[in-house]
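Take a look at the structure set out below.
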């Protein structure tokens with residue numbers, strides 16, 4: 001049985017499980033929308049193998065009256081679209097949890113409940129109802145969603161509105177069948193009157209945005225005035241390509257699905273040469289192909305933005321799972337040396353903010369800016385009040401787009417290392433952008449002094465990058481029992497765990513490295529200096545962030561928490577780890593966790 | 001009208017004396033002058049190889065890109081800058097070897113680009129290794145017992161993928177090449193000009209003299225450049241073996257195939273109708289999209 005530290009406010013955790021190809025994610029997202037419209041905060045987590053049909057897929061939805069920061073491990077209501085789902089997810093079911101299942105899959109007596117008698121069984125003949133209302137088998141989901149609302153005591157109308165909206169462009173009977181299916185599922189579940197403690201009522205509506213990390217990133221890019229996006233599909237970045245493609249026409253953005261990631265980044269460099277704000281995104285494998293182009297962007301001083309949304313490697317790895325093991329890869333990618341900026345959004349709001357800021361940094365510095373995310377952020381949807389779109393600014397740095405110039409030198413030497421940029425097409429701006437080492441005009445040279453001055457100029461931008469890149473963000477009290485250092489999406493479960501710990505009187509603070517490169521050494525050193533005990537949390541095996549702390553701060557972090565089984569850090573795992581470091585054993589399960597922690601050396 | 005001289009940077013070319021790149025350089029300068037293009041109106045993107053060194057000799061705005069990767073940045077530049085003509089200069093090892101993936105996919109798109117391939121059938125800059133267009137069984141430093149692959153047929157590939165202007169030139173005939181360039185540059189859509197450009201240092205078989213004895217001009221025959229199937233057969237005929245005589249081994253130069261009125265890739269992209277940088281003049285309102293999510 002799954003337990004959880006209290007209190008977490010009124011909330012219900014729903015899991016939908018079943019075979020891949022059953023539309024589980026789509027059904028879950030519809031449910032999330034219904035609850036978000038019903039005034040709740042939601043956070044969802046989709047887990048699916050890299051298969052189109054066949055394996056076990058599941059979708060976990062957390063619905064809360066209070067602000068929440070991440071997923072959690074327990075489930076209060078399990079919607080089992082096959083019998084296997086019950087046995088797979090039994091350990092995470094809380095006291096009195098409900099299971100909605102189809103007796104056609106397995107009779108109640110045949111369910112593998114491991115002797116638990118606290119559970120509330122809700123048999124709903126999903127398939128029979130579909131045929132009864134004249135529908136097709138894929139609509140089992142819809143019956144089940146109606147049943148979920150019936151079981152929770154939540155009004156059905158929101159779901160019916162969603163269904164009608166979704167099928168508005170189809171023949172009328174499609175919406176009618178779906179409405180009938182949902183209604184029947186709702187009625188059957190309600191009539192069963194299964195007494196589970198988990199109920200939800202409609203709250204006063206509040207404004208919200210429901211977005212995943214890739215959508216947040218795409219919105220940030222659109223707000224920043226992106227004009228060119230290129231990508232080759234690769235999980236978990238693919239949905240950013242489809243998002244951009246969907247909005248290409250109405251937003252006047254050129255979006256290109258290229259033959260490979262090599263073409264994607266080289267196209268982005270070409271579009272950037274013409275002055276267009278340009279971006280590509282991929283995961284580690286595609287980034288490996290982009291590495292050559294990244295160096296070209298560096299030496300040619302091209303203002304490009306590259307999304308690197310990581311997953312477990314090496315090579316194809318675990319395509320649909322999450323990991324933070326490409327931090328060093330991003331920092332060191334490409335031969336030679338040049339300035340770069342790496343921003344690591346920690347949540348959906350960050351993904352929006354840092355993406356538009358990435359375009360400003362790329363223009364100001366005329367060098368590649370990498371947005372380092374991961375599957376946990378890319379894929380999962382969270383409600384936000386809104387994105388901070390009023391804060392968006394466009395700063396293109398030293399850029400002349402029209403008119404006339406004289407004696408123009410693209411790579412003129414300057415103190416900051418940034419040369420004024422004049423677009424091709426401007427009179428007098430004949431210039432060569434070059435992958436070879438070059439002189440101030442852009443022509444290739446092997447002259448030692450010129451090589452040194454141009455190489456130094458490109459590296460000089462690091463200083464300006466330190467100045468311009470967003471600083472780390474600190475959460476929690478200034479003085480704390482434990483100080484946590486992290487980057488990226490680990491911020492979400494850590495904030496959640498900090499909330500639980502704080503309620504127990506355990507003080508924890510956290511420094512989120514928003515910019516991981518240039519490494520914010522002074523802030524990290526000051527934070528560690530102030531700490532009683534320190535913990536670095538990162539989703540890799542070798543302590544890539546910890547190594548940076550050693551290298552740049554000459555400090556040894558006290559404790560470390562790593563995770564490399566493809567699953568995201570859970571707040572339960574972080575909560576239990578904090579307690580263990582503070583000398584207290586907490587029995588909390590994070591099913592499947594293969595986390596390793598080691599004490600201070 | 002710009003003068004031919006205006007397109008030279010003044011740098012002394014580093015190509016070997018007698019290199020076919022001189023003829024190609026000269027022909028392009030003449031074609032640009034003849035068309036009267038202002039330097040603001042076009043950009044050139046080079047790959048890496050002996051041909052690419054031309055980036056330092058041709059005084060125009062452009063990019064000296066990566067080896068094999070001239071086509072992607074050129075494609076994107078054209079897509080986001082409708083006010084610019086874009087010319088690509090690439091080599092045979094560069095464009096047909098390392099960059100073959102980009103080449104094939106660019107052909108499929110019919111972008112409004114002029115692609116000039118410097119085809120010397122050898123790797124010159126890296127000192128004499130076999131290239132994708134080196135003849136079968138040719139011995140080179142990287143194939144001491146002879147090339148075992150069939151050479152790439154760029155014209156056949158271009159025909160297969162719907163390229164709308166396909167020509168073959170010869171660097172030893174500058175006036176003829178100039179006219180091919182003028183036609184290619186004036187073409188709306190993808191124009192490929194594959195130019196035999198003898199390498200004096202490393203290709204001792206396909207020499208200037210070898211070509212002089214074999215080339216003939218399609219326009220001197222009753223060639224119909226609108227017949228795609230016939231053009232494909234003609235592209236096969238240019239695969240010569242090492243022993244063929246000038247009488248049996250004829251190399252047609254001129255326009256193999258030309259088709260006008262085919263929509264370009266840019267025609268199909270709404271956002272491509274204005275310069276992409278204009279979208280970043282101020283922050284864009286995304287509240288409508290944000291509200292539509294979920």
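Can you confirm whether residue A:221 is touching a strand residue (DSSP E or B) at 6+ places or on another chain (Cβ under 7 Å), assigned to a helix (DSSP H, G or I), in contact (Cβ under 8 Å) with a residue 60 or more places away in the chain and not assigned by TED's automatic domain parsing to the domain that holds residue A:93?
Numbers: touching a strand residue (DSSP E or B) at 6+ places or on another chain (Cβ under 7 Å): yes; assigned to a helix (DSSP H, G or I): yes; in contact (Cβ under 8 Å) with a residue 60 or more places away in the chain: yes; not assigned by TED's automatic domain parsing to the domain that holds residue A:93: yes.
When the stated conditions are applied, residue A:221 passes them.
Checked against (1) within 11 Å of chain B (Cβ to nearest Cβ); (2) out of contact with any helix residue (DSSP H, G or I) (no Cβ under 7 Å at 6 or more places or on another chain); (3) buried (at least 21 other Cβ atoms within 10 Å of the Cβ); (4) more than 24 Å from residue A:410 (Cα to Cα), residue A:263 meets all criteria but (2). Name the residue that is surrounded by the fewest Cβ atoms within 10 Å (Cβ to Cβ), counting only residues in the stretch B:203-218 that are under 21 Å from the mean Cα position of the chain (by Cα) and part of a loop (DSSP other than H, G, I, E, B). Taking the candidates together, the pick is B:207.
Only a single item in (1) outside any loop (DSSP other than H, G, I, E, B); (2) more than 7 Å from chain A (Cβ to nearest Cβ); (3) more than 28 Å from residue A:405 (Cα to Cα) is not met by residue B:67, and it is number (1). Just so you know, in the stretch B:42-62 the residues that are at the interface with chain A (Cβ under 8 Å from one of its Cβ atoms) and more than 21 Å from residue A:407 (Cβ to Cβ) include one that is surrounded by the most Cβ atoms within 10 Å (Cβ to Cβ), and it is B:45. Tell me, yes or no, whether the stretch A:447-465 has at least one residue that is more than 13 Å from every other protein chain (Cβ to nearest Cβ), under 30 Å from residue A:571 (Cβ atoms) and touching a strand residue (DSSP E or B) at 6+ places or on another chain (Cβ under 6 Å). There is no residue in the stretch A:447-465 that is more than 13 Å from every other protein chain (Cβ to nearest Cβ), under 30 Å from residue A:571 (Cβ atoms) and touching a strand residue (DSSP E or B) at 6+ places or on another chain (Cβ under 6 Å). From the set of residues in the stretch B:257-280 that are touching a helix residue (DSSP H, G or I) at 6+ places or on another chain (Cβ under 7 Å) and either free of Cβ contacts under 8 Å to residues at least 24 places away in the same chain or not in a loop (DSSP other than H, G, I, E, B) (or both), which is farthest from the other protein chains (Cβ to nearest Cβ)? Restricting to residues being touching a helix residue (DSSP H, G or I) at 6+ places or on another chain (Cβ under 7 Å) and either free of Cβ contacts under 8 Å to residues at least 24 places away in the same chain or not in a loop (DSSP other than H, G, I, E, B) (or both), the top hit is B:257.
Every condition in (1) part of a helix (DSSP H, G or I); (2) crowded, with 21+ Cβ neighbours inside 10 Å holds for residue B:233 except the one numbered (2).
Take the residues in the stretch B:1-34 that are part of a helix (DSSP H, G or I) and within 14 Å of another protein chain (Cβ to nearest Cβ), then tell me which one is surrounded by the fewest Cβ atoms within 10 Å (Cβ to Cβ). Give the derivation first.
Just the residues of the stretch B:1-34 that are part of a helix (DSSP H, G or I), to begin with: B:4-7, B:20-34.
Okay, now just the ones that are also within 14 Å of another protein chain (Cβ to nearest Cβ), so B:6-7, B:32.
Working: B:6: 13, B:7: 21, B:32: 27.
Restricting to residues being part of a helix (DSSP H, G or I) and within 14 Å of another protein chain (Cβ to nearest Cβ), the top hit is B:6.
Condition check ((1) touching a strand residue (DSSP E or B) at 6+ places or on another chain (Cβ under 8 Å); (2) farther than 21 Å from residue A:35 by Cβ; (3) surrounded by fewer than 23 Cβ atoms within 10 Å (Cβ to Cβ); (4) in contact (Cβ under 8 Å) with a residue 40 or more places away in the chain) across all residues:
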{"position": "A:72", "(1), (2), (3), (4)": "yes, no, no, yes"}
{"position": "A:77", "(1), (2), (3), (4)": "yes, no, no, yes"}
{"position": "A:100", "(1), (2), (3), (4)": "yes, no, no, yes"}
{"position": "A:113", "(1), (2), (3), (4)": "no, yes, yes, no"}
{"position": "A:140", "(1), (2), (3), (4)": "no, no, no, yes"}
{"position": "A:162", "(1), (2), (3), (4)": "no, no, yes, yes"}
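Residues in the stretch A:481-500 that are surrounded by 22 or more Cβ atoms within 10 Å (Cβ to Cβ) and not in a helix (DSSP H, G or I): A:482, A:483, A:484, A:485, A:486, A:487.
Of the residues in the stretch A:406-422, how many are on the phi < 0 side of the Ramachandran plot and surrounded by fewer than 14 Cβ atoms within 10 Å (Cβ to Cβ)?
Residues of the stretch A:406-422 on the phi < 0 side of the Ramachandran plot: A:406, A:408-416, A:418-422.
Filter once more, so that each one left must be surrounded by fewer than 14 Cβ atoms within 10 Å (Cβ to Cβ): A:406, A:412, A:414-415.
Residues flagged as on the phi < 0 side of the Ramachandran plot and surrounded by fewer than 14 Cβ atoms within 10 Å (Cβ to Cβ) within the stretch A:406-422 amount to 4.
On inspection, residue B:109 fails the criterion of being touching a helix residue (DSSP H, G or I) at 6+ places or on another chain (Cβ under 9 Å), within 11 Å of chain A (Cβ to nearest Cβ) and surrounded by 24 or more Cβ atoms within 10 Å (Cβ to Cβ).
From the list A:283, A:300, exactly one residue is within 12 Å of chain B (Cβ to nearest Cβ) and touching a residue at least 12 places away in the same chain (Cβ under 8 Å). Which is it? Can you show your working first?
Values: A:283 fails: within 12 Å of chain B (Cβ to nearest Cβ).
Of A:283, A:300, the one residue that is within 12 Å of chain B (Cβ to nearest Cβ) and touching a residue at least 12 places away in the same chain (Cβ under 8 Å) is A:300.
Taking first residues from the stretch B:72-90 that are within 7 Å of chain A (Cβ to nearest Cβ) and on the phi > 0 side of the Ramachandran plot and partners that are outside any strand (DSSP E or B) and modelled with pLDDT of 95 or more, no Cβ contact under 6 Å between residues at least 6 apart in sequence or on separate chains turns up. Does residue A:317 satisfy the criteria of being farther than 25 Å from residue A:398 by Cα, touching a residue at least 24 places away in the same chain (Cβ under 8 Å), more than 12 Å from chain B (Cβ to nearest Cβ) and in a helix (DSSP H, G or I)? No. Summed over the stretch B:281-290, the residues that are part of a helix (DSSP H, G or I) and at the interface with chain A (Cβ under 7 Å from one of its Cβ atoms) give a count of 3.
The values are calculated or read from the model by the stated rules, or taken from the named source; none is laboratory data. The structure displayed is predicted, hence computed values, not measured ones. Note that we place each Cβ from the backbone using ideal geometry, even for glycine, and neighbour counts take in every protein chain shown.
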